[in-house]
Structures are given as C-alpha cells and as structure tokens.
Amino acid sequence: VLQLLRGVQRGSEDRKSSLGRLRWALQSKETQQKFVRLDGSIRTLIGLFTSSLADMQMEAARCLHELSHSSDPAVAEACLPVTSYLLTYLSGHSVEFTELCLYTLGNLVVESEAVRKQLLPQGIIPVLASCIQSPHEAVLEGLGYILSQLLQAKEAPTEIVPLVLDSVLPQHMLRMVCSGLKAGTGAAVEFAWCLHYIVCSHTANAVLLSLGALPALTSLLLDMASEIPQGAPEGLELLVCPVLRCLSNLLAEETGCEGQIQDERLLIALFLILQSFFQQHPFIVQECLWLLNNLTADDPFFCSALLSLDLLPALLQLLPCSQMAGVLVLTVLCNVAEKGPTYCQQLHHQPALPLLLPTLALPDPEVVGQCLELLHLLFLHCPEAAADFVRQGGHRALEQHQSTPELQERVRVLLDMVRQPLGAATFSSCHAALSSFS
C-alpha cells in the first residue's frame, strides 16, 4: 500500500497505473484501513481529484469511491476533507464523473454522522436539488440513492426533512416517481423510497398532500396494475413496494384521506397486483394488505366495494400465505364487520365461516386472536352466523383454546354467545362481550 501511495505521490509516468492498482487494492477492508492511516494519503488523493488532468481526476474519484464502501466509520471520517470537493463536482464535466461523486457521497453519509453534519452546512440539499433537473437517468438514480440515505439517518426528521421540504425536491421527486413507467424505473424506485422516508418522518404529510401526492400515487398504482396483463416490466415490483407504502402511510397519518380517493378501481388494481406478484414476490402481499387495511379502517366506501366487487373470495385465499398475511386479512375483515349488521350479513352470505374454521386450528395466538375478534363482531351483529358456526362444529374449535392464557377470556365469551338460542342474546351478554373484546 505504501509503495502504491509513493508511486502516486512521485508524479512519475506510471502514476496512472499506480492509481489503477491502488483502486483495486482499496476493495479490501484491511487495505482501506491501512491506507487512511498513512500520512498524506487522503491529501494526495484530493490533490489528484482536483487536478486539471481528467484521466487522473477520474482514477482518483474511483479510489475515493472504493474508500466510501468501507463500513468502518473511521475510514468515512478520514474522507471528511474531500466532501466539499465532491459537492462542487456534482456539476461535473461527465455523467460518469457526476455519478461517481453522488454514490461516493451517498456511501459516506451512511456510515458517518460526522460526514452528514459537515455536509448539511455546506449546502448539500440545495446542491442536490439542482441535480434533479439532469436529463441523465444514471445521475438521477445516484441522486435518489444519496437522498434516500440522508432521509434514513436518525436525525433526518428534525434536521434533513425540513430542508428537503423547503426545496424543490418533493414536487420533482413525485413527478419522477409518477413518470417511472415511461422513463425507466431505476430513479423512480429511489425517489419513491425517498417519499416513503419523508412520510415516515410524520412532519411532511401536509406538504405532500398539498402537492397532490394521493391522487398522483393512486393513478400510478392504477397504471402499474394495467401493465400487468400485458406483461409487467422487469423490476416493476421494486417500484410497486414503495408506492404502496407511501399510500398506506399517508392514509394512516391523515384522517379523511380515504374520501379523496374513493375509486373502486384502486381495489381492483390491488388484487391484480396481489395475483401477479404473490408467488414470486410474496413481500408484496403484505404491502397490499397494509394498504387495504388502511383503506377499509374508517371509510365504509371501500368496505362496500370489497363486497360488491366480489373480492372477498380472493381475499380469503390469502389467509394461509403467511402469519402476517393471515393477521392482516382478518384485520381487513374486522374493518368490514365493524361497519354493522348489513356488512356482517354479507360476510356471512359470502361464506366466510368455512374458511375461518381452519384458521382457529392454527397454533399462532396472534392469528387466532384476530379470528376471535372477527367472530365476535359477526356473532354480535349477525346472530344466525353464530348458529351456523355451531352447526359446522366451530364450538369444538373454540374449546381447543380454552387453556391459552391470552385467549381464554375471549373464547369463554364467544362460547357463551354461541350456546344461547338464536335471537336470545340479551343486553347484558352483549355488554360482556364488548368489554371482553375492548
């Protein structure tokens, strides 16, 4: 390592060759740590990085990029002196050079809070905002990468998100995400995750809603679902995931948002995406169900649409997909059942009970507990469901959980409800049921 550094420092004719070999050597974690401890190592790289010789400048940039991959915060902090130059060169003379600078900065901010604290006063957010006008997909993808790293930092909600919101970045990110199907998904995926991290900070929803994020992302989801029958583009699932999360989180944080997107096509799009991706990309199932849960949690519009569009059978088929999927399917059904007798009767008539009985046999207390919640709502609002439940042997399935500590009280209340004659439920038994399930 010392020999390579001396070869670079001497300015001999083979300096470029020494830089190239140094770049390969810096792929090793041990070499990275040794290099930054050598006197004048980073200073030498900075000198070449800021030189007027384009080929030397590019090789030095590649060496710095290799150093930025280190997971050792000491290596990242040794690179602190180069950060201001990296920012300056974001308006570089070539796409490859600008891309290298973006990814080097992105890697450095991941590992070091000291780097982030130095970059913010240096004006990194305004500089990045100026890059978003680039016509080059590679530059935009690198920009999305560094922004997503900054927005995941622990200090992001208080120190970084406000700066991003005060810039032109949110509206441009939203535009880039929504044009992702036409312009290529690489940058769109990065910007979609950026929007997700901004929403998760809990300080930005009003800004994003004012920019029309809900209708824009809903329209994008409809467009993505329409692509599926013709053959989904490669990597579409990578864009679907953050878009689903953005919509879910916006709906979870803001009451009344459901009313802004009362469109039955959204449910059809969700189930098309579920059907298309659940075998090869099962993680999409959970994301779709989170959104479905937030859509049905308060607004009866989507509960009615779920039933009128006959989507209940497709929803129930997802029960055995995974533990989390099972809990979320049952939670969505509870959202529907909570809307009252009419909804519970429809659930009963679109036979949900036969599919709930196997769920009660599962060993998972969380899934069974959510199933008990649904049964309670059904029995309370639709007594004939309780009678059918007994006829199908459901009471025996309940009895199996009488000794499970976290379930036994709810099981006891449900057994009391199903043992009563049809229509004989009294106010006191309903009151007991409500208190046990609250």
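The values are calculated or read from the model by the stated rules, or taken from the named source; none is laboratory data. Note that the structure is predicted; figures quoted are calculated from it, not measured. As a convention, Cβ positions derive from the backbone with ideal geometry for all residues, glycine included, and neighbour counts pool all protein chains shown. SASA here: full protein model, heavy atoms, side chains in, ligands and nucleic acids out. Shrake-Rupley method; radii C 1.70, N 1.55, O 1.52, S 1.80 Å.
Structure notes:
- Meeting the requirement of 3 or more residues that are in contact with a Leu (Cβ under 7 Å, 6 or more places away or on another chain) and over 18 Å from residue 148 (Cα atoms), the helices (runs of 4 or more DSSP H) wholly within region 30-118 are 41-49, 54-68.
- Per-region count, region 336-384, residues in a loop (DSSP other than H, G, I, E, B) and open to solvent by less than 50 Å² (accessible area, probe 1.4 Å): 5
- Per this entry, residue 314 is not counted among residues that are part of a helix (DSSP H, G or I), at pLDDT below 90 and open to solvent by 10 Å² or more (accessible area, probe 1.4 Å).
- Residue check for residue 66: open to solvent by less than 40 Å² (accessible area, probe 1.4 Å) and within 18 Å of residue 108 (Cα to Cα): yes
- For region 396-438, filtering for residues that are open to solvent by 40 Å² or more (accessible area, probe 1.4 Å) and at pLDDT 85 or above leaves 11.
- Residues in region 92-136 that are touching a Pro at 6+ places or on another chain (Cβ under 7 Å) and open to solvent by 60 Å² or more (accessible area, probe 1.4 Å): 111 only.
- Flag for residue 89 being surrounded by 15 or more Cβ atoms within 10 Å (Cβ to Cβ) and over 19 Å from residue 160 (Cβ atoms): yes
- Among the residues of region 161-172, those identified as farther than 13 Å from residue 199 by Cα and among the hydrophobic types (A, V, I, L, M, F, W, C) are 163, 168, 169.
- Pick from region 321-335, criterion open to solvent by less than 10 Å² (accessible area, probe 1.4 Å) and of a type in the set (Gly, Ala, Ser), ranking: farthest from residue 291 (Cα to Cα): 326
- For region 21-47, a tally of residues being under 19 Å from residue 88 (Cα atoms) and open to solvent by 10 Å² or more (accessible area, probe 1.4 Å) returns 5.
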